[in-house]
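Some notes on the structure that comes next.
Here, each number is a calculation from the coordinates, and none is a lab measurement. All of these numbers come straight from a predicted model, not from anything done at the bench. Counting neighbours? That spans all protein chains shown, and the Cβs are built from the backbone with ideal geometry, glycine included.
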Amino acid sequence: MSTHFFKKNSKKRKKFPISANLRALRRLKQITLKQLSDALSTNYESFRNYEEGDHTPPYKILIKITNYFG
């Protein structure tokens, strides 16, 4: 059996620094991920990926986030 599979999957995912801040801001306002994605006219799954750190939001979305949280 090859050990390549286990080595590849044991690596930690690289998280984007903005993800923790997005989650903290959302929780501070006491809103759900669905409410925030609706308020920003953003796809729920995309925003979930931003918050999980799987993807970094494009500048257009970052501007919406900044305007929303002031």
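Quick notes on this one:
- With the cut-off at under 18 Å, measuring from each backbone N in the stretch 50-70 to a point 7 Å along the Cα-to-Cβ line of SER41 picks out 58-70.
- Counted residue by residue at 0.36 nm each, then reduced by the alpha carbon distance between them, the extension gain from ASN49 to THR66 reaches 4.4 nm.
- Dipole-positive endmost among ILE31, PHE47, PRO58 within the stretch 20-63 (Cβ charges, Cα centre): ILE31
- For the stretch 54-60, 3J(HN,Hα) computed residue by residue from phi via the Karplus equation (6.51, -1.76, 1.60; θ = phi - 60°) reads 6, 9, 9, x, x, 4, 4 Hz, glycine and proline entered as x.
- Cut-off 13 Å between beta-carbons: net charge of the residues surrounding GLY70, Lys and Arg +1, Asp and Glu -1: +2
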